[in-house]
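Since the structure comes first, as structure tokens, the remarks are kept for the end.
Just so it is clear, none of the values below were taken in a lab; they were calculated from the coordinates. Just so we're clear, the structure is a prediction, and the values are computed from it rather than from any experiment.
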Amino acid sequence: MKKENNSKICGTATLGERGQVVIPADIRKRMDLKTGDKLLVFCKFDQIIGLIKAKDLNSFLDKMASHMTEKIKKFKKEIE
């Protein structure tokens, strides 16, 4: 399955009776999620807004910082 870097919604998950979230198999495969992987849950305004593998947090933050740096450079050029 092709990875889409700009996806807003990947699919749906179901909350079971015991509070467990079931992530669909196609999403688990695409995200390379395995049994026992620790996931960080990001929230804002008391709503879940994202999941990321705990072991991938540093890489994610590096990519985010790089992306923000490029956006800032572009913005500075536009206002000069």
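Points worth noting:
- In the frame of its principal axes, region 15-79 has Cα extents of 53, 27, 20 Å, reported largest first.
- C-alpha long axis of helix 57-79 to longest principal axis of the chain, angle in °: 30
- Only helices enter this figure: runs of n ≥ 4 DSSP H residues, each worth -39500 (n - 2.57), summed and divided by the residues of the chain, yield -12000 deg cm²/dmol at 222 nm to the nearest 500.
- Measuring against 23 Å, Cα to Cα, the residue pairs Lys34/Lys71; Lys44/Lys77; Lys38/Lys63; Lys8/Lys73; Lys8/Lys71 contain Lys34/Lys71; Lys44/Lys77; Lys8/Lys73 as the ones spanning a longer distance.
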